[in-house]
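Here the structure is laid out as structure tokens; the discussion comes afterwards.
The values are calculated or read from the model by the stated rules, or taken from the named source; none is laboratory data. Predicted model only: the values in this text are computed from it and were never measured. A quick note on method: Cβ atoms are made from the backbone with ideal geometry, for glycine too, and the neighbour counts reach across all protein chains shown. Ligands, DNA and RNA are stripped out before the accessible areas are found, and what is left, the full protein with its side chains, is counted by its heavy atoms. Shrake-Rupley method; radii C 1.70, N 1.55, O 1.52, S 1.80 Å.
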Amino acid sequence: MMNQALRKKEQELSKMSPFEIKNELIKLAKRDARKSTDQFLNAGRGNPDWIATAPRQAFFLLGQWALQECERTFKDEPGIAGIPASEGSMDRLRHFLMVNSTLPGALLLHEAIEYCLNELKLDPDSLAYEWAEGIIGDEYPTPVRMLEMSEEIVKAYLAKEMGNNAPGLGKEYDLFATEGGTAAMCYIFDSLQANHLVNAHDKIALMTPIFTPYLEIPELDRYEFEVVNINASEMDEEGYHLWQYPDSELEKLKDPEVKLLCLVNPSNPPSYKLSDKCMKKIVDIVKNDNPNLMIVTDDVYGTFAKDFRSLMYELPQNTLCVYSFSKYFGATGWRLAVIALAKENIFDRLISEQPEIQQRDLFHRYRSLTPKPEGIPFIDRLVADSRSVALNHTAGLSTPQQIQMVMFALMCLVDKEDTYKKKMQEMIHERLDALWASAGMKLVQDEDRVGYYSEIDIMVWGKKRYGEEFCEWLKENYQPLDIVLRLASETSVVLLNGSGFAGPEWSIRASLANLTKEDYEVIGKAINTIMEGYNQEFQASKEK
């Protein structure tokens, strides 16, 4: 049974973000690993254990050519070079690739050039010049929102991967390249408030469970939003989670006072994409009941889903999309993401319809940028706000980062067989299957499951294996955090508490991205061992 001191400590920890609790769990797990033969296994954070090699090879090879371009001037100055020149740059790049055709990255660069010129119809010298100057990083990002060629390439990537090959290559969208999805989130919330689109005490909706910052940011003093949770509470006939949203939950969005909807799709942590049924329901509600609903969809895990299609293509005028390159390409350290918004959108319309007092406020906020600040689109306000408006002229993601982003995008655009995607999806599912099988749990087949994370509801599992009485005993005698603390201290395994993501109180969350299949078998057995330990205590209590 839990002692009072431990209960108090767990109550204190439960108020913290699961990502902060993780640090305590890591300390416990490492301490236990030193005292035993257990291997320290951290499946708490979703940083992948793979990297995409071809786009990095292309990036570094391109850098060598770009340096040669710079050395074409200032030839007699040791250690000093000039800046690249545009005229004839594509011919020089092609010659460089022909001479170095056997080097890693040359083939991808060759295929990427052909795709950009033949499919996207980009100007050859403009493309080569942007790559040369961008990778060298000798100029401020211009345009500040995103480099011109880079934007066209990433639009095509989003149309393929987020739009399930949406027609028109997504040309009706504008992109803002940001320092990872983290920066994108900060910029979006700041600009929504700065432009009076969402004010303190306004209602916003969150589709839960959800990545914890979406829960924590609205509670900050500067926002103080009234949050309406849309819960993924749908269950199947056998009592297993489907991690989808019943109509009764989605219908909360009919309330016109709900101004903003935030979702992560596929979800984090359950890792399920929105079902077609849920998608259609949301579209219907927006079109018929709440046409001014602003939507922010965070689609970082979309590439791990089969036939994924983002809300940005279903409700383009209402939806602002955040996409990060970090997980799919093993590039969390690069900090690469984009915010995508349709050129025609309700964000701009709602700003234009605001009362005169708010219009005056916004005129003064952005008047240093243009004589007619009222005409600045919301996507460009995001850019300006990211640098406190006054530093708009030096805004933008660093140009080398943008070029690496482009190499990631182009690898997928020229991969007609989706070879990389299939490998990633297969690896994730192998790990997921290993975790659940070794834990002795039933994994219901579901086409909407993505598997980057897995959320395990201990109460569902406990009821199936040990019965309702066991679950009631567990809730009576232990705090929900107890299981992740035991896993850390007794088996050196770190998982996160699902309650921190607004999931079921007695749930745990595992990342399937950062350990081997064999490691997940060990983790599954550790979960099984802890559950068996609870059951033995329960049986002993019944005998007493």
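State whether the residues of segment 519-540 include one that is closer than 30 Å to M207 by Cα and assigned to a loop (DSSP other than H, G, I, E, B).
Checking segment 519-540: not a single residue is closer than 30 Å to M207 by Cα and assigned to a loop (DSSP other than H, G, I, E, B).
Rundown of residues vs (1) over 16 Å from the mean Cα position of the chain (by Cα); (2) closer than 27 Å to E353 by Cβ, yes/no style:
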position	(1), (2)
S191	yes, yes
L197	yes, yes
P213	no, no
E216	yes, no
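Out of segment 402-435, which residues are of a type in the set (F, W, Y) and crowded, with 21+ Cβ neighbours inside 10 Å?
Applying the first criterion (of a type in the set (F, W, Y)) to segment 402-435 yields 408, 420.
Answer for segment 402-435, where residues must be of a type in the set (F, W, Y) and crowded, with 21+ Cβ neighbours inside 10 Å: just F408.
Could you tell me which of the residues E77, E114, E71 is among the acidic types (D, E), modelled with pLDDT of 95 or more and more than 30 Å from N514 (Cβ to Cβ)?
Values: E77 fails: modelled with pLDDT of 95 or more; E71 fails: modelled with pLDDT of 95 or more.
E114 is the lone residue from the list that is among the acidic types (D, E), modelled with pLDDT of 95 or more and more than 30 Å from N514 (Cβ to Cβ).
Of all residues in segment 414-426, count the ones that are of a type outside the set (V, I, T), part of a helix (DSSP H, G or I) and over 19 Å from the mean Cα position of the chain (by Cα).
Qualifying residue count, segment 414-426: 3.
When only residues in segment 456-480 that are within 28 Å of the chain's Cα centre (by Cα) and open to solvent by less than 10 Å² (accessible area, probe 1.4 Å) count, which is nearest to I508 (Cα to Cα)?
Only one residue fits best here, namely I456.
Taking the residues in segment 44-56 that are assigned to a loop (DSSP other than H, G, I, E, B) and open to solvent by less than 30 Å² (accessible area, probe 1.4 Å) as candidates, determine which candidate is nearest to S150 (Cα to Cα). Reasoning before the result, please.
Step one: list which residues in segment 44-56 are assigned to a loop (DSSP other than H, G, I, E, B), which gives 44-53.
Going one step further and asking which of them are open to solvent by less than 30 Å² (accessible area, probe 1.4 Å), we end up with 44, 46, 48, 50, 52.
Working: G44: 34, G46: 27, P48: 25, W50: 25, A52: 19 Å.
Restricting to residues being assigned to a loop (DSSP other than H, G, I, E, B) and open to solvent by less than 30 Å² (accessible area, probe 1.4 Å), the top hit is A52.
Confirm whether I351 is buried (at least 16 other Cβ atoms within 10 Å of the Cβ), modelled with pLDDT of 95 or more and either more than 30 Å from the chain's Cα centre (by Cα) or farther than 22 Å from E152 by Cα (or both). Spell out how you get there, then give the answer.
On the way: buried (at least 16 other Cβ atoms within 10 Å of the Cβ): yes; modelled with pLDDT of 95 or more: yes; either more than 30 Å from the chain's Cα centre (by Cα) or farther than 22 Å from E152 by Cα (or both): yes.
Taking the combined requirement at face value, the residue satisfies it.
Could you tell me how many of the residues in segment 152-166 are in contact with an Asp or Glu (Cβ under 8 Å, 6 or more places away or on another chain) and either among the β-branched types (V, I, T) or open to solvent by 30 Å² or more (accessible area, probe 1.4 Å) (or both)? Walk me through it before giving the result.
Kept after step one, since they are in contact with an Asp or Glu (Cβ under 8 Å, 6 or more places away or on another chain), are these residues of segment 152-166: 156, 162, 164.
After this cut, where a residue has to be either among the β-branched types (V, I, T) or open to solvent by 30 Å² or more (accessible area, probe 1.4 Å) (or both) as well, the list is 164.
Of the residues in segment 152-166, 1 are in contact with an Asp or Glu (Cβ under 8 Å, 6 or more places away or on another chain) and either among the β-branched types (V, I, T) or open to solvent by 30 Å² or more (accessible area, probe 1.4 Å) (or both).
Filter segment 167-186 down to the residues that are surrounded by fewer than 20 Cβ atoms within 10 Å (Cβ to Cβ), more than 23 Å from S398 (Cα to Cα) and either touching a Phe, Trp or Tyr at 6+ places or on another chain (Cβ under 9 Å) or in contact (Cβ under 8 Å) with a residue 40 or more places away in the chain (or both) and list them by number.
Once the filter is applied, which keeps residues that are surrounded by fewer than 20 Cβ atoms within 10 Å (Cβ to Cβ), more than 23 Å from S398 (Cα to Cα) and either touching a Phe, Trp or Tyr at 6+ places or on another chain (Cβ under 9 Å) or in contact (Cβ under 8 Å) with a residue 40 or more places away in the chain (or both), segment 167-186 yields only E172.
Quick one: which strands (runs of 3 or more DSSP E) lie wholly within segment 187-303 and hold at least 3 residues that are open to solvent by less than 40 Å² (accessible area, probe 1.4 Å) and in contact with a Pro (Cβ under 9 Å, 6 or more places away or on another chain)?
Working: elements: 203-208, 226-231, 258-264, 294-298.
Here the list is empty.
State the number of residues belonging to segment 310-329 that are in a loop (DSSP other than H, G, I, E, B) and closer than 26 Å to Q401 by Cα. Please lay out each step first, then the result.
Step one: filter segment 310-329 for residues in a loop (DSSP other than H, G, I, E, B), giving 310, 315-318, 325-329.
With closer than 26 Å to Q401 by Cα added as a condition, the list becomes 310, 325-329.
Total satisfying the criteria: 6.
Among the residues of segment 304-341, how many are open to solvent by 10 Å² or more (accessible area, probe 1.4 Å), over 16 Å from the mean Cα position of the chain (by Cα) and in contact (Cβ under 8 Å) with a residue 60 or more places away in the chain?
So the answer is 4.
Considering only segment 492-518, state which residues are in contact with a Pro (Cβ under 8 Å, 6 or more places away or on another chain), open to solvent by less than 10 Å² (accessible area, probe 1.4 Å) and part of a loop (DSSP other than H, G, I, E, B).
Passing the criteria: only A513.
Taking interchain pairs and intrachain pairs at least six residues apart, which have beta carbon atoms under 6 angstrom, with the first residue in segment 476-501 and under 22 Å from T208 (Cβ atoms) and the second among the charged types (D, E, K, R) and part of a loop (DSSP other than H, G, I, E, B)?
P480/E505; S499/E505
Do we have S368 as surrounded by fewer than 16 Cβ atoms within 10 Å (Cβ to Cβ), without any contact (Cβ under 8 Å) to a residue 60 or more places away in the chain, of a type in the set (S, T, N, Q) and at positive phi here? Give the derivation first.
Numbers: surrounded by fewer than 16 Cβ atoms within 10 Å (Cβ to Cβ): yes; without any contact (Cβ under 8 Å) to a residue 60 or more places away in the chain: yes; of a type in the set (S, T, N, Q): yes; at positive phi: no.
No: the conditions fail for S368.
Being over 30 Å from Y115 (Cβ atoms) and either at pLDDT 95 or above or in contact with a Gly (Cβ under 9 Å, 6 or more places away or on another chain) (or both) is true for just one of Y420, Y453. Which residue is that? Can you show your working first?
On the way: Y420 fails: over 30 Å from Y115 (Cβ atoms).
Exactly one of Y420, Y453 is over 30 Å from Y115 (Cβ atoms) and either at pLDDT 95 or above or in contact with a Gly (Cβ under 9 Å, 6 or more places away or on another chain) (or both), namely Y453.
Of the residues that make up segment 120-133, is at least one modelled with pLDDT under 95 and polar (S, T, N, Q)? Break it down stepwise before answering.
We begin by selecting, within segment 120-133, every residue modelled with pLDDT under 95; these are none.
For segment 120-133, residues modelled with pLDDT under 95 and polar (S, T, N, Q): absent.
Name the residue that is farthest from K306 (Cα to Cα), counting only residues in segment 139-151 that are open to solvent by less than 30 Å² (accessible area, probe 1.4 Å) and in a loop (DSSP other than H, G, I, E, B).
Once the filter is applied, the top-ranked residue is P141.
In segment 406-417, is there at least one residue being of a type in the set (K, R) and at pLDDT 95 or above?
Taking segment 406-417 first, the residues of a type in the set (K, R) are 416.
So of that shortlist, the ones also at pLDDT 95 or above come out as none.
The answer is no; no qualifying residue exists.
Given the conditions (1) free of Cβ contacts under 8 Å to residues at least 40 places away in the same chain; (2) touching a helix residue (DSSP H, G or I) at 6+ places or on another chain (Cβ under 9 Å); (3) open to solvent by 50 Å² or more (accessible area, probe 1.4 Å); (4) not small (G, A, S), which single one is not true for D380?
All conditions pass for D380, except number (1).
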